[in-house]
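The values are calculated or read from the model by the stated rules, or taken from the named source; none is laboratory data. Just so we're clear, the structure is a prediction, and the values are computed from it rather than from any experiment. Cβ: placed from backbone, ideal geometry, glycine included. Neighbour counts: every protein chain shown. Accessible surface is based on the protein model in full, side chains and every heavy atom, while ligands, DNA and RNA are left aside. Shrake-Rupley method; radii C 1.70, N 1.55, O 1.52, S 1.80 Å.
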Amino acid sequence: MSSPITLLLIAATALLSWLAFNDRRIVDRLILWPPAVARRHEYWRLVSYGFLHADFPHLLFNMVTLFFFGRLIEQVMRQLTGSVLTYPLFYLAALVVSILPSYLKNQKNPNYFSLGASGAVSAVLFAFILIQPWSLIFVFFIPAPAILYAVFYVGYSIWMDRKGGDNVNHSAHLAGAVFGVMFMLAMEPRLVNVFLGQLLNPSFR
């Protein structure tokens, strides 16, 4: 499967995250810190935060997910639009859109920081689920239909976002998931019929 953009995104994220593990200055320059955006107009932080991760397990989980689902979405978007730019623009836009609720909520909070590609990865994952809702995906090595995982994921994210206290940006996960679905439907409205047709005719694979 030809997926150069996905592999490039993984490589760039892995490299920047690894460098940041050993250099706090990189983190300070790229992490999402709302006052830096609002007061200093450092708008790149709305994207650059997604190329940093808190630790290696955090990085590994996001990049493995991107590898398995991003390659198909990259190909689908290229086939639907005829452009290699659609997928990277989708991914970068997902980083911005997924963090906006958190940014707006904490715009004046000097103690708020956020990093990680989870919001954009959620967008990619839910774009995949829209196309192949009955595909089996592995959740902690346990196979589950993608659509059932999506229901659990959304419900859990809403609950944890309201509960709080675990240092995970669940609102970014939710915003990314919604953006992934809406972007796909805006790009190709007929995907609604494809999704409903597959949903009503389960075929596990």
Residue among G164, G155, G82, G116 that alone is open to solvent by less than 60 Å² (accessible area, probe 1.4 Å), without any contact (Cβ under 8 Å) to a residue 40 or more places away in the chain, at positive phi and not β-branched (V, I, T): G164
Candidate set: the range 167-183, residues that are without any contact (Cβ under 8 Å) to a residue 60 or more places away in the chain and within 22 Å of V76 (Cα to Cα); chosen: the one least open to solvent (accessible area, probe 1.4 Å): A177
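Can F141 be described as out of contact with any strand residue (DSSP E or B) (no Cβ under 8 Å at 6 or more places or on another chain), among the aromatic types (F, W, Y) and surrounded by 20 or more Cβ atoms within 10 Å (Cβ to Cβ)?
Details: out of contact with any strand residue (DSSP E or B) (no Cβ under 8 Å at 6 or more places or on another chain): yes; among the aromatic types (F, W, Y): yes; surrounded by 20 or more Cβ atoms within 10 Å (Cβ to Cβ): no.
Answer is no for this residue.
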Failed condition for H53, given (1) assigned to a loop (DSSP other than H, G, I, E, B); (2) farther than 25 Å from F128 by Cβ: (2)
Any hit, the range 97-109, residues being of a type outside the set (D, E, K, R), crowded, with 18+ Cβ neighbours inside 10 Å and either free of Cβ contacts under 8 Å to residues at least 60 places away in the same chain or in contact with a His (Cβ under 9 Å, 6 or more places away or on another chain) (or both): yes
